[in-house]
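The values are calculated or read from the model by the stated rules, or taken from the named source; none is laboratory data. None of the values given here were measured: they were computed from a predicted structure. Glycine also receives a Cβ, built like all others from the backbone with ideal geometry; neighbour counts cover every protein chain displayed.
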Ligand code: ATP
C-alpha cells in the first residue's frame, strides 16, 4: 500500500504505512481515549494505533495524592479495552523501560523499530497539545513524527495557539468531543457512582473486581 496524503510529497512517496501512537496514563483507559484513537484511525487511514501506557508520566509526578495506579492494572485495562478492536494494539515500550516516560524517547525508539517507511503519528488531545512547549525536546520530537491533535472540550484548535508554539502545525482531526476524563472517573468510583458509558464494560468489571480507585477522593487533583 502506498500512502500519499498527510506528509510532504517527497516523503509521502516513501511512506508504506502510517501508525498512530497514543500515549497516556490510562488510569483508567476510558471511552474518550478509544474515541480519539478511532477518529484518528478512520480519518487518517492508519495501519494501526499503538496504545502506549506511560511507566511514570513526568507531568503527574507531583502532589500528595494516592499516586498513579500500578502498571500491571493499567496495562490490563488497556488490553481489555483494545483487544476486540482490529488495528488497536498495546505497546509496553514505556512500561518495560520503566522510569519517567517522555514522548521524545518513546517516538525515538519506535522510529528505530519501524524505520522510515512508516510515518509515526502522535495522537494528542487538544489539552496535551497546549502543554507541548513544556515537554522534553519538543523540536526533536517533531522531527521524528507528525502531530495529530483531536479536539477536547475546553481546549482550542492548533491554529489558535500562540505564534511560535510547536503545536501550531499539528494536523487537526475533529473528534467526537467526549467530556469524559480519567480524573472524574476515579472520583466517581470513590464516591460509589456508576461509570457506565464512560469506560468499556469489561474495564468497568475489572475495576470493580480489583477494587481500584476506592481511596481516590477529593485530593485526587493534587496528583497533577
Ligand atoms: P487524567 O484525568 O488523569 O489527567 P486523561 O483522561 O486526560 O487523564 P490521559 O491518559 O492523561 O487521560 O490522556 C492521554 C491522552 O488522551 C492525552 O493526549 C489526552 O489529551 C487525551 N484524551 C483523554 N481524554 C480525552 C477526551 N475526552 N477527548 C480528547 N482527548 C482526550
Whichever residue in the stretch 136-157 is out of contact with any helix residue (DSSP H, G or I) (no Cβ under 6 Å at 6 or more places or on another chain) and crowded, with 16+ Cβ neighbours inside 10 Å and, among such residues, is nearest to residue 126 (Cα to Cα): 147
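Would you confirm, using the coordinates I've provided, whether residue 202 is within 28 Å of residue 89 (Cβ to Cβ) and at pLDDT 95 or above?
yes
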Taking the stretch 128-169 and keeping residues at pLDDT below 90, away from the ligand (no atom under 11 Å from the Cβ) and touching a strand residue (DSSP E or B) at 6+ places or on another chain (Cβ under 7 Å) leaves 157, 158, 167
Of all residues in the stretch 98-107, which are part of a helix (DSSP H, G or I), more than 18 Å from residue 47 (Cα to Cα) and either in contact with a helix residue (DSSP H, G or I) (Cβ under 6 Å, 6 or more places away or on another chain) or within 16 Å of the ligand (Cβ to nearest atom) (or both)? 103, 104, 106
Please work out which one of (1) closer than 29 Å to residue 196 by Cα; (2) surrounded by 15 or more Cβ atoms within 10 Å (Cβ to Cβ); (3) modelled with pLDDT under 95 is the condition residue 102 fails and give its number. (1)
Name every residue in the stretch 186-214 that is closer than 11 Å to residue 69 by Cβ and out of contact with any strand residue (DSSP E or B) (no Cβ under 8 Å at 6 or more places or on another chain), in order of residue number. 186, 210, 212, 213
When residue 120 is evaluated against the numbered criteria (1) assigned to a helix (DSSP H, G or I); (2) closer than 21 Å to residue 141 by Cα, which criterion, by number, is the only one it fails? (1)
Listed by first then second residue, the pairs whose first member lies in the stretch 3-31 and is under 25 Å from residue 152 (Cβ atoms) and away from the ligand (no atom under 16 Å from the Cβ), whose partner is modelled with pLDDT under 60 and outside any helix (DSSP H, G or I), with beta carbons under 8 Å and at least 6 positions apart or on separate chains, are 18/3; 18/6
